[in-house]
Amino acid sequence: MSSTERQLLTIIAEAVLEQRLIDLVKRLGAKGYSIGHVRGEGATGRAALDFAGPSVRLESVMTDEVVDRVFEALAADYFPHFAVVAWVVPVRVARPERF
Amino acid sequence: MIASIIVDNLLTAPVIAFVVAGLATLVRADIRLPEPLYAVLSSYLLLAIGIKGGRALGLSESAELWRPLIAALALGIITPLLAFALLRRVGRLDTINAAATAAHYGSVSAVTFTVALATLEASGQSVEGFLAGLLAVLEVVGIVVALALARDRGSSDGWTEALLEVIRGRSITLLLGGLVIGLAVGDERLAPTDPLFVSLFTGALTLFLVEMGVVAAERLRDARDAGWRIVVLGIVIPLANGAIGAAAGSLAGLSTGGTAVLATLAASASYIAAPAAVRIALPSASPGLYVTASLGITFPFNVILGIPIYLAMAQVLT
């Protein structure tokens, strides 16, 4: 079976942003996502509201264009004030139309 | 008189559990309960308070309700404004941080409310059941008023979103859901649920306060970063708001127990609904300030010393 390149976006963010980030990636064109709950520390320490629940890890496989839109939105609305990190790695998928 | 009330309050299982867990955490001993328990217990407590309130609501005359309701609305407006003024003048916070913190003092803590109920019950004071309904009113109004203070500065785009967050949030929904269940089912038909929602209540609250002791003590460690002004205000604001709440309760014609609970509500600071709403509406405000103040300082102060003081105020005023 042939495979096509897509991008795997991972966002780790404070708990309070869970629903907002889901809405964000879907609105900008992601066709699906997975959510996990994780603990840890970042460059600025633990998330300030960590007692409200563990941090959220959102993963979504998407096209380059969607990645760009998500990163732009994150930079505008979330990076300045929230505990959020995000990265992208290239992956190969079967059935590219699903992503 | 206050000393004996303080001792009576301290020697209840939930409060002692809170103190023990807090001390254990401060010496870095691990007393933390399994994590899923926190969510289960908080849902249970909110639902149980709601059912208890709805049941009492069904037994009370609607004519008794309007004055306490007006008192609660007035408190929802006055307490965040007073907190805001103190945080600006004495705390020397900028507008955004003062408004963010004031939202916590305008809103209420359901757990502090619950500890007050348990304390009053243990000391044989009766409390108007409909106060749980006022809890829901106060939880929302105080946040709205405080966010409005910051909105003038044009910094809170997420303001409607934050309000929806509070109104649709789990704490309000469970509380109101409980009220509806209690009201619809009625006193007699609720009897079969009593073993779960009445008999187990204080035990569950005790377990929950073990967890709260851990969380509060962890926040207390951050108090040094927040500065001594915040620490002092974390005690002064609840005392001032509590006195106003006690006055409002007696003016509204509540019993001594009811007045003490309304004073406790006015004095309490939210640490679930308000932080979530403020985080979204005022992202530039520092959670290190408002969470430390409400959870690290005001919550333990109220649970250990505040509630008996508000009861003493109520006894003087009613």
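Remarks
- Förster radius 45 Å - calculated FRET efficiency between B:VAL90 and B:THR160, Cβ distance, rounded to 0.05: 0.90
- Rg/Rh (Cα only; Kirkwood hydrodynamic radius) as it applies to the protein assembly as shown: 1.01
- Near-label residues of the range B:282-318 by backbone N, under 18 Å of a point 7 Å along Cα→Cβ of B:LEU251: B:313-318
- Low-density loop positions, trypsin sites (Lys or Arg not before Pro), the range B:1-75 - DSSP coil, at most 14 other Cβ in 10 Å: B:ARG28
- Comparing B:GLU188, B:GLU121, B:GLU218 in a Gaussian network model of chain B, where Cα atoms under 10 Å apart are tied by springs, the biggest mean-square fluctuation is seen for B:GLU188.
- Kirkwood Rh and Cα Rg combined as Rg/Rh, the range B:210-318: 1.03
- Relative to its residue count, the range B:116-268 spans a Cα convex hull of 159 Å³ per residue.
- The Cα atoms of the range A:1-41 give a gyration tensor whose axes a ≥ b ≥ c have a/c of 1.5 or more with a/b no greater than b/c, which makes the shape oblate.
- Cα gyration tensor, the range B:1-55 - rounded (a/c under 1.5), prolate or oblate: oblate
- Cα-based helix-to-principal-axis angle, A:18-27 vs chain A, degrees rounded to 10: 30 degrees
- Averaged over the residues of B:272-280, the number of partner chain Cβ atoms lying within 10 Å of the residue Cβ comes to 3.
- Per residue, chain A reaches -7500 deg cm²/dmol at 222 nm when only DSSP H runs of four or more residues are counted, each adding -39500 (n - 2.57).
- Considering only B:VAL210, B:VAL15, B:VAL198, the mean-square fluctuation computed in a Gaussian network model of chain B, springs between alpha carbons under 10 angstrom, is largest for B:VAL198.
- Between A:GLU59 and A:GLU97, the contour length at 0.36 nm per residue exceeds the Cα-Cα span by 11.9 nm.
- When chain B is treated as a GNM with alpha-carbon contacts under 10 Å, the residue of B:GLY253, B:GLY296, B:GLY213 showing the greatest mean-square fluctuation is B:GLY253.
- With the Kirkwood sum run over all distinct C-alpha pairs, chain B has a hydrodynamic radius of 19.2 Å.
None of the figures in this text is laboratory data; all of them are computed from the coordinates on show. What you are looking at is a predicted structure, and each value in this text was computed from that prediction instead of being measured. Neighbour counts are summed over all protein chains in view; Cβ atoms, including those assigned to glycine, are modelled from backbone coordinates with ideal geometry.
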